[in-house]
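The values are calculated or read from the model by the stated rules, or taken from the named source; none is laboratory data. Everything numeric here is computed off the predicted structure, so don't read it as measured data. So basically every Cβ, Gly included, is an ideal-geometry build from the backbone, and we count neighbours across all protein chains shown. Keep in mind that these areas ignore ligands, DNA and RNA; they rest on the heavy atoms of the full protein, side chains included. Shrake-Rupley method; radii C 1.70, N 1.55, O 1.52, S 1.80 Å.
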Amino acid sequence: MIKKEILLINNLEKFINSKILYSKPVVEKLIAHARKEIKQLSNQNIVPGLAVVLIGDNPASKIYVRNKHKFFLTNHCHSETFTFDLNISQDELLSFIEDLNQNNKFHGILVQLPLPNHIDSQVVINSINPSKDVDGFHSENLGKLFLGHPRFIPCTPYGIVELLDYYDIETTGKHAVIVGRSNIVGKPMVSLLSQSFKKGNATVTVCHSKTNPLRKYTLQADILIAATGVPNLITSDMINKHVNIIDVGINRVEDDSEKGYHICGDVDFKGCSGKVNSITPVPGGVGPMTIMMLLINTIKAAKNGS
Ligand code: GUN
């Protein structure tokens with residue numbers, strides 16, 4: 001009898017619907033507004049321009065940079081990518097960025113991360129004119145965000161806020177658990193979710209590679225943000241059925257397929273979808289939001305006349 005009931009419960013679980021948080025309708029909504037702003041700028045002979053600096057030939061970085069470039073061109077903005085050899089010196093890079101700072105064609109400058117080990121990433125980022133730092137990674141811009149007066153919000157966390165907003169996911173008074181403490185996602189995400197911003201006012205827990213046991217915290221999450229770069233780290237035994245999951249991971253995992261790899265997130269989507277309130281897919285979730293917010297930040301820079 002008990003066995004039968006357990007079977008029934010397990011079967012019922014399969015029919016609990018989870019909402020899939022696709023980025024497509026969110027991007028469509030945001031791009032409609034962005035295009036109006038681009039048109040208004042164009043009436044003043046201003047074309048929002050982005051300079052992307054790419055060092056080395058990291059395959060993932062090359063794909064991200066290509067996608068950003070295409071998105072800008074499709075939306076009648078200017079974009080140029082400057083590619084350098086892996087062994088470029090820090091001084092050469094700093095001097096190149098100084099030229100970009102002076103170049104009026106570029107309202108935004110982005111240095112694709114990660115950089116090779118012989119280069120100090122934060123020194124390079126801090127050499128960008130903060131008014132052109134559309135990534136929002138400059139110490140001054142991170143400081144402004146942490147003090148509650150952001151200039152540019154880092155693109156991935158900004159995109160997550162817009163996703164939460166579009167799908168009307170409540171954050172006020174909720175427990176947000178962030179897995180990953182990177183400067184790019186985890187740290188700015190703490191700031192956005194905990195302050196009294198749109199989609200803020202949450203109680204935030206930050207987990208990382210030394211959190212033990214991780215499951216103890218992820219099980220408590222109303223909103224779970226996974227940004228670790230570890231494929232399928234979050235499994236179905238680590239979540240509750242009310243949670244809203246934002247999967248930031250875009251991991252390339254080798255397999256026997258013709259391509260030789262497939263892309264997956266930090267969350268075991270197969271195991272978790274159907275058992276949660278909502279979840280972002282990979283691909284088609286957070287990734288396109290990041291590029292959208294980069295365009296929005298670059299338009300803002302162009303409007304500010306940077
Ligand atoms: N590498 C991974 N994500 C990002 C990002 O948002 N900006 C930059 N500059 N590099 C990245």
Test for K270: is it under 22 Å from V161 (Cβ atoms), open to solvent by 30 Å² or more (accessible area, probe 1.4 Å) and assigned to a helix (DSSP H, G or I): no
Across the stretch 220-249, what is the total count of residues that are more than 20 Å from the chain's Cα centre (by Cα) and open to solvent by less than 60 Å² (accessible area, probe 1.4 Å)? 5
One residue is enough: does the stretch 93-108 have a residue meeting the conditions touching a Leu at 6+ places or on another chain (Cβ under 7 Å) and closer than 27 Å to A34 by Cα? yes
Regarding T74, is this residue of a type in the set (S, T, Y) and more than 17 Å from G287 (Cβ to Cβ)? no
Out of curiosity, is P288 within 15 Å of the ligand (Cβ to nearest atom) and either of a type in the set (D, E, K, R) or in contact with a Ser or Thr (Cβ under 6 Å, 6 or more places away or on another chain) (or both)? yes
Of the residues in the stretch 132-178, how many are closer than 18 Å to S121 by Cβ, open to solvent by 10 Å² or more (accessible area, probe 1.4 Å), within 16 Å of the ligand (Cβ to nearest atom) and of a type outside the set (A, V, I, L, M, F, W, C)? 4
Pairs please, first residue from the stretch 91-106 and more than 22 Å from N297 (Cα to Cα), second anywhere and β-branched (V, I, T) and open to solvent by less than 50 Å² (accessible area, probe 1.4 Å), Cβ atoms under 7 Å, 6+ apart in sequence or on different chains. L93/I119; L93/V124; L94/V124
Those residues of the stretch 91-116 which are more than 11 Å from the ligand (Cβ to nearest atom) and open to solvent by 40 Å² or more (accessible area, probe 1.4 Å) amount to D91, E92, L94, S95, F96, E98, D99, Q102, N103, N104, K105
List the number of the failed condition for I119; all other conditions in (1) farther than 25 Å from A302 by Cβ; (2) away from the ligand (no atom under 14 Å from the Cβ); (3) open to solvent by less than 50 Å² (accessible area, probe 1.4 Å) hold. (2)
Among (1) at pLDDT 95 or above; (2) under 22 Å from G287 (Cβ atoms), N104 falls short only on (2)
Matching residues, the stretch 273-298, being open to solvent by 40 Å² or more (accessible area, probe 1.4 Å), part of a helix (DSSP H, G or I) and of a type in the set (S, T, N, Q): none
Breaking point among (1) more than 14 Å from the ligand (Cβ to nearest atom); (2) farther than 22 Å from N141 by Cβ; (3) not aliphatic (A, V, I, L, M), for R252: (1)
P59 being within 16 Å of the ligand (Cβ to nearest atom), more than 27 Å from L192 (Cα to Cα), under 21 Å from the mean Cα position of the chain (by Cα) and open to solvent by 40 Å² or more (accessible area, probe 1.4 Å): yes
Give me the pairs, please: first residue somewhere in the stretch 36-51 and of a type outside the set (S, T, Y), second residue anywhere and open to solvent by 100 Å² or more (accessible area, probe 1.4 Å) and part of a helix (DSSP H, G or I), beta-carbon distance under 8 Å, and either six or more positions apart or on two chains. E37/K303; L41/K303
